[in-house]
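These notes are about the structure you will find just below.
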Amino acid sequence: MAQLWGGRFTKETDRRVFEFNASIRFDKRLFEQDIEGSIAHVVMLEKQGIITKEEKDDIVRGLTEIREEVEKGTLAITGEYEDIHSFVEAALIRRIGDAGKKMHTGRSRNDQVALDMRLYVRQEVLTVDGLLKELMEVLLSMMEEHLDTYMPGFTHLQKAQPTTAAHHLGAYFEMFKRDRLRLHDIYVRMNYCPLGAGALAGTTYPLDRAYTASLLGFEGPALNSMDAVSDRDYLIEFLSSLSTIMMHLSRFSEEIIIWNSNEYRFVELDDAYSTGSSIMPQKKNPDIAELVRGKTGRVYGALISLLTTMKGIPLAYNKDMQEDKELAFDAMDTVKDCLFLFTGMISTMKFQTENMAKSAMNGFTNATDAADYLVLKGVPFRDAHSIIGRLVLYCIDKNTSIDALSLEELQAVSDKFEPDIYDAVSLKTCVEKRLTVGAPGRDAMKQVIAMEKEYLKNRED
Ligand code: ARG
């Protein structure tokens, strides 16, 4: 058991207490950030005349060596230390002696851990954003390819109106765009540096907090030292945005599972992204989509866990806050894996365009268009709705579709039907005439796709 404290204690910590209290098992992930933060801190200490140039140089050299050795694997981060901060400090003192003991001047583990986690999360926000962008690039190229891939659109999981695969995929494009905007907002809001807040009330050393903030790429220092060590809002916001990303991926997965089912056959998943059954030789299961849907729960879990942890904590730091890490790390890993695999899955997935068009044709997806046809011929919409309703009933009885009826059959219901009805209710017309902004008609979609392309070009960050 190697601890940074002990002066005021007369007894060793109980072993089980030590282990229960320790966080090194999971906060060793913050190793890079811990070193980076410490280097910025001592550079500032020297600039302010709090330590000498030699001391600063020794510390920076020592920390750099420690970083290299851990990366190479010649120095192991071991469980005898309480946390990553203790490990780094002990390794430094062992290496450079007394100068190492000055590193922690004007700092507390409270502002140190707040900084490390913020640096880590800031990077993760960018990584997740990049993965979303890759997914959106794949989506956009699929949209371009499937402008004329007709399919039924659903409400209540019942066939509603015809649309295209491009249009359906485009809905998810919009969702992921909003997800990226959320990440962008979070980044801007979280980009303030807690370092220099000390344990809670700042310090009497003449620290230059704006300087360390700028060395670490922050907008500026956090303006209240109690808030700086107590704030986990940024992480809650991030977990919330990760939950929303998972919710979107999960809905999309659910649709792919349905589309991939024997009854639908709208898509064929690539063999590399499906699995078989140990007993049923015919099976090709959409496991990746199911896992993405299933893993959504654990990401929500991380959000609810942290919200609950934080809700009763008085200011400032309390050890409860150590619980901000394990589940959050798990959530970040999960979302990155899901985004990566989901992108691979859909980029290799094939649409079964004939089945989709066939499905769009039967199921009365053109019923609204048939009613609109009568409206154009002067029938009030409510009457047209009822006429087509009767027609649908007639078709169900005869096991046929509106476009397969003879003109006589149609005219028996309304004398407004003329030969041009067949073109008006054809699948192609039903889709292509939908030309309002955001609708599936080819020309409308093309305009939107051009805008989305611009958007992706302009959001290189
Ligand atoms: N492992 C701790 C955490 O993650 C580091 C901060 C410890 N501070 C303290 N006052 N015990 O929150």
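The values are calculated or read from the model by the stated rules, or taken from the named source; none is laboratory data. Treat the numbers as computed from the prediction; the structure is a model and nothing was measured. Counting neighbours? That spans all protein chains shown, and the Cβs are built from the backbone with ideal geometry, glycine included.
Summary table below
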{"quantity": "Selected residue (criterion: farthest from the ligand (Cβ to nearest atom)) from residues of segment 103-150 that are basic (Lys, Arg) and closer than 30 Å to residue 61 by Cβ", "calculated": "122"}
{"quantity": "In segment 276-290, residue farthest from the ligand (Cβ to nearest atom) [restricted to those that are assigned to a helix (DSSP H, G or I) and crowded, with 17+ Cβ neighbours inside 10 Å]", "calculated": "289"}
{"quantity": "Pairs, first farther than 19 Å from residue 238 by Cβ in segment 316-331, second surrounded by fewer than 20 Cβ atoms within 10 Å (Cβ to Cβ), C-beta under 8 Å, six or more apart", "calculated": "316/199; 316/200; 316/226; 317/199; 317/200; 319/21"}
{"quantity": "Unmet requirement for residue 182, which otherwise passes all of (1) under 30 Å from residue 227 (Cβ atoms); (2) modelled with pLDDT under 95; (3) of a type outside the set (A, V, I, L, M)", "calculated": "(2)"}
{"quantity": "Sole exception among (1) of a type in the set (Lys, Arg); (2) over 18 Å from residue 105 (Cα atoms); (3) crowded, with 17+ Cβ neighbours inside 10 Å; (4) more than 16 Å from the ligand (Cβ to nearest atom) for residue 56, by number", "calculated": "(2)"}
{"quantity": "Meets criteria (surrounded by 22 or more Cβ atoms within 10 Å (Cβ to Cβ), among the polar types (S, T, N, Q) and either at pLDDT 95 or above or within 19 Å of residue 364 (Cα to Cα) (or both)) for residue 155", "calculated": "no"}
{"quantity": "Selected residue [farther than 14 Å from residue 85 by Cα and among the hydrophobic types (A, V, I, L, M, F, W, C)] from 24, 59", "calculated": "59"}
{"quantity": "Test: residue in segment 84-93 that is out of contact with any Cys (no Cβ under 7 Å at 6 or more places or on another chain), within 15 Å of the ligand (Cβ to nearest atom) and closer than 26 Å to residue 299 by Cα", "calculated": "yes"}
{"quantity": "Residue match in segment 123-144 (condition: surrounded by fewer than 19 Cβ atoms within 10 Å (Cβ to Cβ), modelled with pLDDT of 95 or more and more than 29 Å from residue 257 (Cα to Cα))", "calculated": "yes"}
{"quantity": "Single residue of 350, 295, 319, 336 found to be more than 16 Å from the ligand (Cβ to nearest atom) and surrounded by fewer than 16 Cβ atoms within 10 Å (Cβ to Cβ)", "calculated": "350"}
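Here's the yes/no breakdown for (1) at positive phi; (2) surrounded by fewer than 17 Cβ atoms within 10 Å (Cβ to Cβ); (3) touching a residue at least 40 places away in the same chain (Cβ under 8 Å); (4) under 17 Å from the mean Cα position of the chain (by Cα):
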| site | (1), (2), (3), (4) |
| --- | --- |
| 162 | no, no, yes, no |
| 181 | no, yes, no, yes |
| 184 | no, yes, yes, yes |
| 189 | no, yes, yes, no |
| 192 | no, no, no, no |
| 198 | yes, no, yes, no |
| 206 | no, yes, yes, no |
| 215 | no, no, yes, no |
| 221 | no, no, no, no |
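Yes or no, residue by residue, for (1) assigned to a loop (DSSP other than H, G, I, E, B); (2) closer than 30 Å to residue 352 by Cα:
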position	(1), (2)
166	no, yes
172	no, yes
183	no, no
186	no, no
196	yes, no
